[in-house]
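Step one of this worksheet: look at the structure below.
The values are calculated or read from the model by the stated rules, or taken from the named source; none is laboratory data. From a predicted model like this one, the values you see are computed outputs, not experimental measurements. FYI the Cβ positions are ideal-geometry reconstructions off the backbone, even for glycines, and counts take in every protein chain you see.
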Amino acid sequence: MPAPAPSFRRALVAFLLLPGVVAFAVPWLLRPRGARPHAAGLALLAAGAALLLWCVRDFHVAGRGSLAPWAPPERLVTVGLYRVSRNPMYLAVLTILAGWASAFGARRLWAYAAGVAVAVHLRVVYGEEPWLARRHGAAWAAYRARVPRWLALPLRVRSPDSR
């Protein structure tokens with residue numbers, strides 16, 4: 001069997017370091033010791049993990065890159081879950097964190113999830129979106145105009161700055 005391509009190795013390392021730490025290692029350390037997890041929370045965690053893997057795959061295959069700042073996708077990723085949200089990977093991580101918090105019913109896990117949500121939003125608005133605009137120009141502007149930052153909710157009025 002041939003060795004994995006270097007770009008796959010970068011993608012794997014990025015996955016283990018970034019969402020691996022934020023979505024799995026830290027919540028594992030914050031969970032109440034000896035508590036039995038609730039099945040519904042574990043199901044939510046598993047669903048979030050599946051969504052995360054889907055997004056990471058799209059970054060690698062369609063974008064020809066990884067989720068890491070040191071090896072970002074070469075192409076703007078607009079396939080898969082990126083057709084319904086500009087940030088499905090972050091939504092997947094937040095789903096995983098909600099799964100941890102639900103599984104263990106722990107306030108500190110909910111607080112951690114809330115802190116991550118705020119940090120992610122600030123990173124997206126002040127870091128990633130301006131960078132994407134510079135890097136992808138008109139393609140980013142068109143994508144931004146048709147796909148919501150987070151999720152489009154039925155009957156929700158969008159403000160111009162949420163695009």
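For the range 42-94, taking the residues that are outside any loop (DSSP other than H, G, I, E, B) and of a type in the set (Lys, Arg), the one that is farthest from residue 138 (Cα to Cα) is identified as 57.
Conditions (1) under 16 Å from residue 22 (Cα atoms); (2) at pLDDT 95 or above; (3) of a type in the set (Asp, Glu), marked per residue:
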residue	(1), (2), (3)
68	yes, no, no
74	no, no, yes
77	no, no, no
85	no, yes, no
89	yes, no, no
96	yes, yes, no
99	yes, yes, no
111	yes, yes, no
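Taking the range 16-41 as the range and being closer than 23 Å to residue 68 by Cβ and either over 21 Å from the mean Cα position of the chain (by Cα) or not in a helix (DSSP H, G or I) (or both) as the test, only 18 passes.
In the set (1) part of a helix (DSSP H, G or I); (2) among the aliphatic types (A, V, I, L, M); (3) over 17 Å from residue 17 (Cα atoms), residue 120 fails one condition alone, (3).
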